[in-house]
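*Asks:* Sharing a structure with you now.
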Amino acid sequence: MDSQNTFWKSAVKNGLLAGAIGLYSTLVGLVQAFNKRAVIEQLSLGHITLLLSWGVVAYVFLNHHRESESKGKLIAAGALVGGLGAFLVALLPMTAQWVDYHFVFVHAGPEMYSLLTFGKGPWLGSAMLVAVGALWGILIALVVSLPTFWRDSVVKAFLITITVGLLSDLFTGMTIGWMFQPFLGVEGLNILGAVLVFGLSIAYDYWSAHRKPKESAEAVATEPTGVTKSQLRRMVVGALALVVVAGLPLLLGSYLSHVLNMVGLYTIMGLGLNIVVGYAGLLDLGYVAFFALGAYTMGLLTSTGPLGIAHWTFWEAVPFSILVAMVAGILLGVPVLRMRGDYLAIVTLGFGEIIRILALSNWLKPLIGGAQGILLIPKPPLFGFKIQTPIHFYYLILVGIGIAAFVAYRLRESRLGRAWMAMREDEDVAEAMGIDLVVTKLTAFAFGASFSGLAGAIFASYVGSIFPHSFNLLISINVLSLIIVGGVGSMPGVFVGSLALVGLPELLREFAEYRMLIYGLSLIAMMLLKPEGFWPEPIRKRELREEVGD
Amino acid sequence: MSEKIKYFLERLSWVDIMVWLFGLAILVIAVIGVIGSIHNAYYTKEQWMDFVVFGISQGGVYALIALGYTLVYGILFMINFAHGDIFMAGAFTGYFLAAKLNQYGIYNSHPIISLLLIMLLAMVTSVVVALITERVAYRPLRKAPRLVPLITAIGASFTIEYTFRGLYGSGVEAYPDMKIFVGKTSVFGLRILKVHLLVIILSILLMAGLYAYVQYTKAGKAMRAVAEDKDVASLMGVDVDRVIVNTFILGAALAGIAGVLYALIFKQVHFFMGFIPGIKAFTAAVVGGIGNVPGAMLGGFILGIFEALGPGLILEGLGIPASYQLKDVIAFTLLVLVLIFRPTGLMGERLSEEKV
């Protein structure tokens, strides 16, 4: 009897939690902003946000009690959690006639209320919302009580369908977009497309589950003959990837190439910060400073405007951009040689701010333009041809990434790279082993900064004009977030991270306003759930798992 | 004596020399600036006094925020990066009550009650935000490697900022003027803005209260015990989780009040307002010696005064125009100097090496 009580009590608690999260996403404006994007027919991302905020709570709760409670009770509890969650959100439109929420919450207003109540007025609409919540809870309970394989497969298929629906713009933007037309609505997938994606995902799961005994990943690794086979396969995959990467902008068109360019620039920066944070374990929050220095050096050396001092070409200026950033990295490194962890983070953050403040100040205005920035930065010439459009720049940035990745890779495998990692693990032990901490730290700062300088130089030339406002702290945080999401210390992780954190928000215009919110939440979520990142370095993963575990 | 010097010279490495030279160079530049300013006499004596008073009142706000950093750092050894945003949450929420009260005329007819109500609301908001942050983002990671909670704290900071941007909008709101605090008054023959006087008095009272709480109550004793050694404190029957929650509540409540005081001085509130004061307050905590309660207070006032005097006294003397734009540079430079010459802060005891 007692455990019965606690079950229902905790169901009510979870219902309240679901409601709180629902209210949060509504009041912050996520639901409303995302409502502008249809995912499947009329179902918008706003609806999905609301459904997910109840659904995740209900799913976690029900899953926890999956073994111990009967199916009927799970369904009832699901209806309770979903209904209660929806009821709390429905309180908003119901009480709106007496309380002026708009005075405090900017997003609360008729538009939001009508969205929440399906345009059916506060009472009928709210009842409908609660009914939807309860039904959704029941649906989740039904999914939870499926056998494990089917449960996971359905959840995965659901998430994949949403993702595909969300990114369906990608398909229409492509040059071969017409091929996907039958499955797309005005925006997002149509019903046929959704069912197809859902079905394909489940079919794939079923297929891969039943094919497993034949050839598993471990078998390939242990079999001596399998090695050459896997090597061959890797080479083929590599060659294919190269062809795809080289042909991508032609396939994607100008806008998507621009998005990829931003991803690329952040990848270069990420590779650099990865050296500082990932290899050497020095948390640098002022990384944007070197990006700014690289960009300003490029601007000053090449600009054809009044502030230009040398009128060089891009190619002549790039080495100097990198050099200036590198020297700045060393200069910053000296005062912080003795600082560790938290102090280092704050001081580097301060350094980043100082650079921005100086760039903005009237004091240096005659030299670098103050708030007006540097204009008229020419595009890089190449054998009589001008690198101009985003598609051209794509290749330039690709070369940049290639060089950066090569250098980063060789550095990691070098004696210096091992010294960095030893220092990351334990400074005192590393010093006792004969590692010169000063040299090791300064080189980490210098190399990290030089990558950022390169990215800054390309950026300046790409956008053509630079302003102090483009170099705020948020860039440092973006870069840090992306290497953490990808996996600290992991090179492919950098690319995965920048694709997820830079590419996705560029594609989802509605995200723009909530980009930083999503970054913040994803930083917390990553640290809580997957501290090693999406594409971790094997050693790092083991470490973090162990330390978090005990 | 000579033994000592010999020992010192043996232990001296070129890194220290390099770092000290770097620090000394900054100091020399600062001294040149001061000499230049005094020589040129840009400001009158009264203006200098105004700067100092302004610095003290702003320093009081910094000190109140710095206490939150120091308390949490003393116990968890983590920088609660989101503390500046907890301060913002209080100030921003308080604005809506202030605006409503002003609308009904209560704001000026009962200013003291209004102010207390606003502060109460700000405190409650800040405490709620801090507790949610602690519960969701910090508590599960207490045993994780040090970098992990710092990153979550950065994440929490941005989450709070942009949550409030979503809730309250991205505009800049202005606290209405409270008539009894408009204008100047004179204390000991010193002309001083009434708002500044209020802020200075309130912040000193609060700090004294906090010091008494930490030093003389049982809860304060538990707090100090946990700061000393969590495991031993736990063996002695102290509920460590409870104490940590208490610490967050205390820090957040002070930050909430500091938010209202800050808004009274500068009038404006917006979602990003917590970032710079947060970093400054952390700087203040480090200057005073992080983990040390009186140190944070001292550090706050020192930083406030430095920041108020610095641009006029040092930068103008160097011939830098529009020097007020660079006052944040002064604060960060002070931080670097303190960390170079006295990493434990002015009042810090043992620390840096073993705890950091």
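The values are calculated or read from the model by the stated rules, or taken from the named source; none is laboratory data. Just so we're clear, the structure is a prediction, and the values are computed from it rather than from any experiment. Ideal geometry is used to build each Cβ from the backbone, glycine not excepted, and the neighbour counts take in all protein chains shown.
*Asks:* Could you list, in sequence order, all residues of region A:502-533 that are among the aliphatic types (A, V, I, L, M), modelled with pLDDT under 85, under 21 Å from A:Asn35 (Cα atoms) and part of a helix (DSSP H, G or I)?
*Replies:* A:Leu504, A:Leu507, A:Ala512, A:Met516, A:Ile518
*Asks:* For the subset of region A:498-537 comprising residues that are away from chain B (no Cβ under 14 Å) and among the aliphatic types (A, V, I, L, M), which member is nearest to the chain's Cα centre (by Cα)?
*Replies:* A:Ala500
*Asks:* For region B:1-101, which helices (runs of 4 or more DSSP H) that fit wholly inside it have 2 or more residues that are crowded, with 20+ Cβ neighbours inside 10 Å and β-branched (Val, Ile, Thr)?
*Replies:* Fully inside region B:1-101 and qualifying: B:45-76.
*Asks:* Being within 14 Å of another protein chain (Cβ to nearest Cβ) and at pLDDT 80 or above narrows it down to one of A:Ala289, A:Ala295, so name that one.
*Replies:* Details: A:Ala295 fails: within 14 Å of another protein chain (Cβ to nearest Cβ).
Exactly one of A:Ala289, A:Ala295 is within 14 Å of another protein chain (Cβ to nearest Cβ) and at pLDDT 80 or above, namely A:Ala289.
*Asks:* Would you be able to say whether some residue in region B:104-126 is at pLDDT below 85, in a loop (DSSP other than H, G, I, E, B) and within 12 Å of chain A (Cβ to nearest Cβ)?
*Replies:* no
*Asks:* Give me the residue from region B:143-156 that is at the interface with chain A (Cβ under 7 Å from one of its Cβ atoms) and assigned to a helix (DSSP H, G or I) and, out of that set, modelled with the highest pLDDT. So that I can check it myself, show each step before the final result.
*Replies:* Kept after step one, since they are at the interface with chain A (Cβ under 7 Å from one of its Cβ atoms), are these residues of region B:143-156: B:143-148, B:150-152, B:154-156.
Imposing the further condition that a residue be assigned to a helix (DSSP H, G or I) reduces the set to B:147-148, B:150-152, B:154-156.
Numbers: B:Leu147: 75, B:Val148: 82, B:Leu150: 82, B:Ile151: 83, B:Thr152: 89, B:Ile154: 86, B:Gly155: 89, B:Ala156: 93.
By that ranking, first place goes to B:Ala156.
*Asks:* Grab the helices (runs of 4 or more DSSP H) fully contained in region B:219-295, keeping just those with 1 or more residues being under 11 Å from the mean Cα position of the chain (by Cα). Write out each step before concluding.
*Replies:* Working: elements: B:230-235, B:240-266, B:275-288.
Per the criteria, B:240-266, B:275-288.
*Asks:* Would you call A:Asp284 under 30 Å from B:Gly289 (Cβ atoms) and in a loop (DSSP other than H, G, I, E, B)? Full working, then the answer.
*Replies:* Working: under 30 Å from B:Gly289 (Cβ atoms): yes; in a loop (DSSP other than H, G, I, E, B): yes.
The answer is yes for A:Asp284.
*Asks:* Does A:Val39 fit the bill of being surrounded by 15 or more Cβ atoms within 10 Å (Cβ to Cβ), within 14 Å of another protein chain (Cβ to nearest Cβ) and either farther than 30 Å from A:Leu146 by Cβ or not aromatic (Phe, Trp, Tyr) (or both)?
*Replies:* Values: surrounded by 15 or more Cβ atoms within 10 Å (Cβ to Cβ): yes; within 14 Å of another protein chain (Cβ to nearest Cβ): no; either farther than 30 Å from A:Leu146 by Cβ or not aromatic (Phe, Trp, Tyr) (or both): yes.
Considered against the rule, which asks whether it is surrounded by 15 or more Cβ atoms within 10 Å (Cβ to Cβ), within 14 Å of another protein chain (Cβ to nearest Cβ) and either farther than 30 Å from A:Leu146 by Cβ or not aromatic (Phe, Trp, Tyr) (or both), A:Val39 comes out as no.
*Asks:* Scanning for something among the aliphatic types (A, V, I, L, M) and part of a loop (DSSP other than H, G, I, E, B), does region A:347-362 turn up at least one residue?
*Replies:* Residues of region A:347-362 that are among the aliphatic types (A, V, I, L, M), as a first pass: A:347, A:349, A:354-355, A:357-360.
With part of a loop (DSSP other than H, G, I, E, B) added as a condition, the list becomes none.
No, region A:347-362 contains no residue that is among the aliphatic types (A, V, I, L, M) and part of a loop (DSSP other than H, G, I, E, B).
*Asks:* What single numbered condition from (1) modelled with pLDDT of 85 or more; (2) under 30 Å from A:Pro381 (Cβ atoms) fails to hold for A:Ile309?
*Replies:* With (1) modelled with pLDDT of 85 or more; (2) under 30 Å from A:Pro381 (Cβ atoms) applied to A:Ile309, the lone miss is (1).
Okay, residues lined up against (1) in contact with a Lys or Arg (Cβ under 6 Å, 6 or more places away or on another chain); (2) of a type in the set (Lys, Arg); (3) facing chain A (nearest Cβ under 10 Å); (4) in contact (Cβ under 8 Å) with a residue 40 or more places away in the chain:
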| site | (1), (2), (3), (4) |
| --- | --- |
| B:Gly278 | no, no, no, yes |
| B:Gly289 | no, no, no, yes |
| B:Gly295 | no, no, no, yes |
| B:Phe301 | no, no, no, yes |
| B:Ser323 | no, no, yes, no |
| B:Phe332 | no, no, yes, yes |
| B:Leu339 | no, no, yes, yes |
| B:Pro343 | no, no, yes, no |
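*Asks:* I'm trying to understand the selection: among the residues of region A:334-348, which are more than 7 Å from chain B (Cβ to nearest Cβ) and either under 28 Å from the mean Cα position of the chain (by Cα) or at pLDDT below 80 (or both)? Show your work before the answer.
*Replies:* Initially, region A:334-348 is screened for residues more than 7 Å from chain B (Cβ to nearest Cβ), giving A:336, A:344, A:348.
Matches in region A:334-348: A:Leu344, A:Thr348.
*Asks:* Filter region A:298-342 for residues that are among the hydroxyl-bearing types (Ser, Thr, Tyr) and surrounded by fewer than 24 Cβ atoms within 10 Å (Cβ to Cβ); which is nearest to A:Asp428 (Cα to Cα)? Steps first, please.
*Replies:* Let us first name the residues in region A:298-342 that are among the hydroxyl-bearing types (Ser, Thr, Tyr), namely A:302-304, A:313, A:321.
If we keep only those that are surrounded by fewer than 24 Cβ atoms within 10 Å (Cβ to Cβ) too, we end up with A:304, A:313.
Numbers: A:Thr304: 51, A:Thr313: 46 Å.
Per the criteria, the residue is A:Thr313.
*Asks:* Go through region B:157-170 and count every residue that is more than 8 Å from chain A (Cβ to nearest Cβ) and in a loop (DSSP other than H, G, I, E, B).
*Replies:* 1
*Asks:* Is there a residue being among the acidic types (Asp, Glu) and under 27 Å from B:Gly105 (Cα atoms) anywhere in region B:175-190?
*Replies:* Start the filter on region B:175-190 by keeping residues that are among the acidic types (Asp, Glu), which leaves B:177.
Among the residues that remain, those that are also under 27 Å from B:Gly105 (Cα atoms) are: B:177.
Within region B:175-190, one or more residues are among the acidic types (Asp, Glu) and under 27 Å from B:Gly105 (Cα atoms).
*Asks:* Residues in region A:305-333 that are more than 32 Å from the chain's Cα centre (by Cα) and touching a residue at least 24 places away in the same chain (Cβ under 8 Å): how many?
*Replies:* Let us first name the residues in region A:305-333 that are more than 32 Å from the chain's Cα centre (by Cα), namely A:305-313, A:316.
Retained after the next criterion (residues that are touching a residue at least 24 places away in the same chain (Cβ under 8 Å)): A:305, A:307-308, A:313.
Summing the residues that are more than 32 Å from the chain's Cα centre (by Cα) and touching a residue at least 24 places away in the same chain (Cβ under 8 Å) in region A:305-333 gives 4.
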